[in-house]
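Single-structure report; data block below.
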Amino acid sequence: MNTNEWATTGQAPALDIASVAAITTHPISFLSLALALTAIAGVVSLGVAVYAWRRRSTPGAVALAVLSLASGWWSLGYLVELVAEDLSTKLLVANLEWAGVLVAPVAWFIFASNYSGRDRYTSIPSIIAASLLPMVAFVAVWTNSAHHLMWSTVTIDPASRGYITILQTEWGPLYWVMLGYGYLLWLAGSAILVRTAFDMPTIYRLQAGTLVVGALMPVFGNFATTLLELEGASFDMTPASFTFAGLACAVALSRYDLLESRPVPRWMARDRVVQTMNDAMLVTDTKWRVTDLNEAAETLFDTPAAELKGQRVGSLVPEFSPFQGDCSPVTFSLDSTQRYFELLTNEFTDAQGRTIGHAVILRDVTDRRHNLQQLEVMNRVLRHNLRTEANLLEGYTDLVFDDLEDGDLDSARSHANVVRTHATSLVNISEKARKLGELRDSNNAGGSIRSTPVTVQIRSAADTITADYPAATVRFESPPSGDVVCSSTLEFVVTELLENAVEHTLSDEPVVTVSATVEDETLELHVVDDGPGIDPSELAAIEANEETPLQHGSGLGLWLVTWGADQLHGEVSFDQRDEGGTDAVLRIPIHRRRLDDR
């Protein structure tokens, strides 16, 4: 007899012998225990749901709360269904139970994915995809009378002593599909946790093991119920089994710090380390073709990963050679900027030791190289320049005292002027060292870089020089427009160039000309003087980017300009003019700012 016939006649259908036998074989003690466990499952599950919801900011807490709420809803709903007397009430409660029945396996799978760090399964599109079939089934439950896809007939059989009654249902095809789908989600979530537990310390293995054991109990209870229903009506042991699931969650929460500490799986840790490392890493095949790369490599080459994959390392880094040893320094240009990289390569081998690919790591050591360079220059200044100036000061001071003792005031005055000159030189060296410290501090400060109009910085540098050297003239030709901006380090570099030009001229009234042009977002700045030019030995050390005992500069000025240009991601060169003097050329990247920007 179907549901409509029961509602029409108002009489209980005749019971088949197999159904009565299946029900009456349940001892009173079993029914009492099952009812008690079902009630406990509802209470414990709701308690876990409340606890998890209060910690919903923790990854996995919301999914655990939904899972516990669904299992509690299912358990308490089943109690109401058992004690309801008429079929219509039982069907209404049973239909409401389906919300928990369908939500629980999805919530378990999402919780397991959250717990194990598989975030791709917990995105909104993934959750919708996993919930699509359950949503279709839930609609089918409430519209079953139109299609009978979930069940074809429903009857009521009396249970022990008649104080509860159990529904006996002839399930439809969609029910069996949902049963298999539910088992799949429960088992998949458990497999994820088991796989994660193998990579974890003991505390997390206990967490995962406790959760898996608890989660599989409802699966076993449901499977046993399904087998018993093949013989007739049977008490659904799934809600009662949720007692063990709820207790497992409670133990994991109280004893093993579930939700208080989340494990980081080994694969996830390694993936995040590689993706967030500062070094650029390329994974290649045996022919050095790129098969994968990290975010730093994308940033370094300023090219999307999809376009880099398939290219040979040699086409990306022309200086690279497969036969080059590890940790070999490689220098190449990026965006008109000289950068220094330490190259490391490593082989990937299979279980038989055969090479299947390589990892190529490019570690930017530009800052380290510059720091070593600055230390070498400062060491030279301290050992040579300061010592020389100090010795000269001492010697000429002795001569001044000797002249005073001899009464030769003219000679004493002459020697005193030399002392003043060398004292001024010491002051200048200390000032250059201070500027170097400021330059290093600004380079290491990090954070956002303040951009200032180029014209404003050049004029400010010119004003500084004319204030310090009143006899000097600084001409500024073809200034760029006010929307051309760059880092404020430019003012420091231009000031140093102007000061070098003024200090090393032979004229009493030096003239320095500054001109600027902008093309393709690059500023080209010329600082032209009429001095004797720069000593080739000074330029040799700058161009070689290092000092040696036989090749070094006499001061810090040119080094300060070079390091400032590096900080601006540009370059500087010094050209000797045929008519005399030096043309210092600075090329740096710039950007344009709207005039209404502040």
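The magnitude of the dipole of segment 18-263, with charges of +1 and -1 set on the Cβ of Lys/Arg and Asp/Glu and taken from the Cα centre, is near 900 debye. For residue 294, neighbours were defined as the other residues whose beta-carbon sits under 14 Å from its Cβ, and their charges (Lys and Arg +1, Asp and Glu -1) total -2.
Taking a Cβ cut-off of under 13 Å around residue 277, the surrounding Lys, Arg, Asp and Glu residues balance to a net charge of -2, with basic ones at +1 and acidic ones at -1. Working from Cα pairs under 8 Å separated by at least six residues, relative contact order for segment 194-256 is 39 percent.
Surface exposure of segment 18-263, expressed per residue as accessible area with a 1.4 Å probe, stands at 44 Å².
Packing, as the average of other Cβ atoms within 10 Å across residues, places the peptides 580-586, 69-75 in the order 69-75, 580-586, highest first. The calculated FRET efficiency for residue 278 paired with residue 213, based on their beta-carbon distance and R0 = 56 Å, is about 0.85. The protection proxy used here, the mean number of other Cβ atoms lying within 10 Å of each residue, ranks peptides 186-197, 127-138 as follows, highest first: 186-197, 127-138.
Find the centroid of the Cα atoms in segment 565-583 and in segment 165-232, then give the distance between the two in whole Å. Cα centroid of segment 565-583 versus Cα centroid of segment 165-232: 75 Å apart.
Surface composition of segment 18-263: carbon plus sulfur atoms contribute 71% of the solvent-accessible area (1.4 Å probe, protein chains only, all chains present). Scoring 518-524, 424-430, 38-44, 281-287 by mean Cβ neighbours within 10 Å over their residues and listing the highest first yields 38-44, 281-287, 424-430, 518-524. In terms of accessible area, using a 1.4 Å probe and ignoring ligands and nucleic acids, 578, 302 rank largest first as 578, 302. The label-point distance for residue 226 and residue 36, in a model that sets each label 7 Å from Cα toward Cβ, rounds to 3.0 nm. Rounded, prolate or oblate: which fits segment 122-215 when a ≥ b ≥ c are the square roots of the eigenvalues of the alpha-carbon gyration tensor, with rounded for a/c under 1.5 and prolate only if a/b beats b/c? Here segment 122-215 falls in the oblate category.
Taking a Cβ cut-off of under 10 Å around residue 513, the surrounding Lys, Arg, Asp and Glu residues balance to a net charge of -3, with basic ones at +1 and acidic ones at -1. Between segment 289-323 and segment 88-152, how many Å separate their Cα centres? Using only Cα atoms to place each centre, the spacing works out to 46 Å.
The values are calculated or read from the model by the stated rules, or taken from the named source; none is laboratory data. Fair warning: this is a prediction, and the values are worked out from it, not measured in the lab. Note that we place each Cβ from the backbone using ideal geometry, even for glycine, and neighbour counts take in every protein chain shown. Note: accessible area is taken over every heavy atom of the protein model, side chains too, but ligands, DNA and RNA are not part of it. Shrake-Rupley method; radii C 1.70, N 1.55, O 1.52, S 1.80 Å.
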